[in-house]
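For reference, the structure discussed in these notes is given below.
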Amino acid sequence: VIPIVVGEEGSTELDVLNATIRGQVGSFGFTSSTTWQENDADARGDATPSFGLYLALVTGDPYFGVQQHQVVNTERFTQEFRLENNAFEDRLYYSVGMYYTDEKSTNRIPGFDTIDLLTGAPKTIFIPGTSIPFPDQFVKARIDTTYKELSFFANATYTFNDTFDLQGGIRFGRDEQHFSQEYSGLLAFPSVFTEEDSTNNKFQYLLTGRYHPTEDSSFYARLATGYRPGGPSAATPAVPNANFT
């Protein structure tokens, strides 16, 4: 008997809109950059190698095929304002600005379809020893996250002569995140629900010295700090909690 092959397919769509405005505010150059972005992804794949044995052990039926289904949507809005100018006969260039982002993401598993590997027909999972369908069948899940950040920054570069310049910069930002998840079905029995919040304040700086021995070459040394906001680490069905890392 040749078992049925579980189908795999997927699609993704990315939409990006940006509006950039440049002008003058007094002696300062002004830049405004506004961006909206949405990403949709829908994927189906063969999860039989991962979960077929588990279903066989739980139900006693070795002919369960599993097709995973995952739907992800992310919307992101960002806004940046920047002012820049020169001083000291253009030896000093400096800029100040603000950056804001607001992101929302949903990650859904509307269900893992189960089929009969011998016929390809849909196959219902029953509560063992009964003819009652298992609630939410194999698994349903959702993970929802939001992320907001507001940052202020300032940078300056001073050119001492034709061969050496010095750059310095600072940035302060605050981000807030919210995370919630819910699992149900046979794989996540009993069902799991949890939610977490996280807030971080970060200060960063950089200092760079650059030497130009010729027009086509340069050497530099940099001292800087960096920061990338962490995100929630989803809990497994057996461990109902989440951590921001």
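Before moving on, here are some points about what is shown:
- Accessible area expressed per residue, the chain, with surrounding protein chains retained (probe 1.4 Å, Å²): 62
- Taken over the stretch 96-240, lysine pairs spaced eight or more positions apart, or on distinct chains, with alpha carbons under 23 Å apart number 5.
- Fraction of accessible area attributable to carbon and sulfur, the stretch 98-230 (%, probe 1.4 Å): 56
- By average C-beta atoms within 10 angstrom, highest first, the peptides 13-22, 128-137, 33-42: 33-42, 128-137, 13-22
- Over the chain, equivalent-ellipsoid semi-axes from the Cα gyration tensor in Å: 54, 19, 18
- Entry note, the chain: relative contact order of 13 percent, from Cα contacts under 8 Å with a spacing of 6+ residues.
The values are calculated or read from the model by the stated rules, or taken from the named source; none is laboratory data. These figures come from a predicted structure and were not determined experimentally. Every residue, glycine as well, gets a Cβ built from its backbone with ideal geometry; the counts of neighbours run over all protein chains shown. Side chains are part of the model used for accessible areas, which takes the heavy atoms of the whole protein and leaves out ligands, DNA and RNA. Shrake-Rupley method; radii C 1.70, N 1.55, O 1.52, S 1.80 Å.
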